[in-house]
1. Working carefully through the options V104, V74, find the one that is touching a residue at least 60 places away in the same chain (Cβ under 8 Å), surrounded by fewer than 24 Cβ atoms within 10 Å (Cβ to Cβ) and of a type in the set (V, I, T).
2. Among (1) of a type outside the set (D, E); (2) in contact with a helix residue (DSSP H, G or I) (Cβ under 7 Å, 6 or more places away or on another chain); (3) modelled with pLDDT of 95 or more, which single condition is S264 missing?
3. What number goes with the only condition from (1) of a type outside the set (A, V, I, L, M); (2) more than 18 Å from Y96 (Cα to Cα); (3) in the same structural domain as D89 (by TED's automatic domain parsing) that Q447 does not pass?
4. Would you confirm whether any residue within segment 338-347 is crowded, with 17+ Cβ neighbours inside 10 Å and on the phi > 0 side of the Ramachandran plot?
5. Considering segment 198-252 alone, what residues qualify as being under 16 Å from the mean Cα position of the chain (by Cα), surrounded by fewer than 20 Cβ atoms within 10 Å (Cβ to Cβ) and either in a loop (DSSP other than H, G, I, E, B) or without any contact (Cβ under 8 Å) to a residue 12 or more places away in the chain (or both)?
6. Only residues that are among the hydrophobic types (A, V, I, L, M, F, W, C) and either farther than 18 Å from Y248 by Cα or not in a helix (DSSP H, G or I) (or both): list them for segment 45-58, please.
7. Would you be able to say whether some residue in segment 299-312 is crowded, with 24+ Cβ neighbours inside 10 Å, more than 26 Å from Y379 (Cβ to Cβ) and modelled with pLDDT of 95 or more?
8. When the residues of segment 167-197 are narrowed to those that are without any contact (Cβ under 8 Å) to a residue 12 or more places away in the chain and hydroxyl-bearing (S, T, Y), which ends up nearest to D242 (Cα to Cα)?
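The values are calculated or read from the model by the stated rules, or taken from the named source; none is laboratory data. All values reported here derive from a predicted model rather than from experimental measurement. Methodologically, a virtual Cβ is constructed for each residue, glycine included, from the backbone with ideal geometry; neighbour enumeration extends over all protein chains shown.
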Amino acid sequence: MKKLYIFLLSGSLIAFTGCKKFIDVNNDPNNPTTVQESLILAPIELQLSSNVYGGGGVACNVQEYLQVMALNQVAPNSGTYLMYNSDMDGDWGNIYVKVLNSLVNLNKLATTNGKTNYSGIAKILTAYTLGTTTDLWGDIPYTKAFNGVSNLTPSYDSQQSIYTQIQSLLDAGIADIKKNSSVTPGGDDYYYNGDMSKWTKLAYTLKARYYMHLSKAPGTTAAAQAALALTALQNGMESNDDDMKMPYTGAAGGENPWQQNFLSTSTFVLGDTFVNGLIARNDPRLTKMVAPAIQTGLYTGRQNGLLGIGSLEAYSIPTDFYAGTGANDYMVNYSEALFLKAEATLITSGYTAAAPFYIAGVQSHMTKLGVSTTDANTYLASRTLTSANALQLIMEEKQLADFLSLENFTDWRRSGFPVLTKVINASTTAIPRRVLYPQVEITSNPQPQQTARLTDRVWWDAAQ
């Protein structure tokens, strides 16, 4: 009996300790409370490309404002500047819930674990996302936006303070990467496959971008901003290999988002202002960037604002280089860095000094598209900088190199180029200069800024 008692007691202890070790009811093995940095980064990068930069919402709206894209639908529509606050709900959620919140968590986790390459990337992408967001909406929540349930109605940061945060984040990201952590991303980094030198060059290029955004902002001078940009660009992108781009497989579920935007079900086609501009300039990139209309074989864009509907096959869409199922999404590119240098140099030293960087910017884009050197030189001979046209040509060529980029909307607002006129049958008195705050935010977190109209200017977009 004594032996049996000892056996049962021992068995009970073994069973108890075994359950405590392997089946803790407070820890669900199928829902881990911590996630590795590598499992957070990849979805963030995909979300940024597919649902923010190339998604079917605000990314398309601004291309309509720039008359690069047009809807083959009866006006009024988004192409005639019709927008409701609820139209922005999805974009706001993608940015704040799927991207910024995840980046904040990635930065915290990586910092705690000493994985400074990951924390550096998180800071750089946070700066990039904040820049995108504030340029669209102006004042936005940030410093008080990620405190959990302790603050569900965060006040908005001014755009001026957001720009200060952007530069601080980029500096901190560069500093983190310099710490040379032994843990480096690999395949989980879609953009650069863990090449930290390219992340650093991206950060410096972004610093220059956001310095130049403020060239006409209140309390700044173009000369000071240009000098800051030129200093940053000394460490910026150096070749097309440095492009920040998202590769797509082209397989089902892995299509480039711009291919999805130009499917017949979306009814988006290219705008005639954009297509006709390429034709008028005899631009050799026409056939590289624009597909001929299926119906006619001609390069034909649709005029924004038409009341009638045409055949989709009568209009052009982008070529597979930009809108094929397996095309790359070029989110920041080397050509932009060169045009930033050209613009900044124009401000500080004049058009003659700016010309080499302008020429290099055009050449880098044409090289990427496969345009011959002869055709590139012929084109450039017809687009020579002068004191009268320098800014216009720099911005027009930059827009082409940044085809389908949200950045072009910012450049148009701050420079006035390309020259655009309001579309026919417009729903507003002028071309929009921002987008509306989302209805979901107005309902859940009312703020004074949310009364802004499409034609109102953001802080840095000061009237000249």
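1. V74
2. Result: S264 passes all but (3).
3. (2)
4. no
5. P247
6. V58
7. Yes, segment 299-312 has at least one match.
8. Here the answer is S197.
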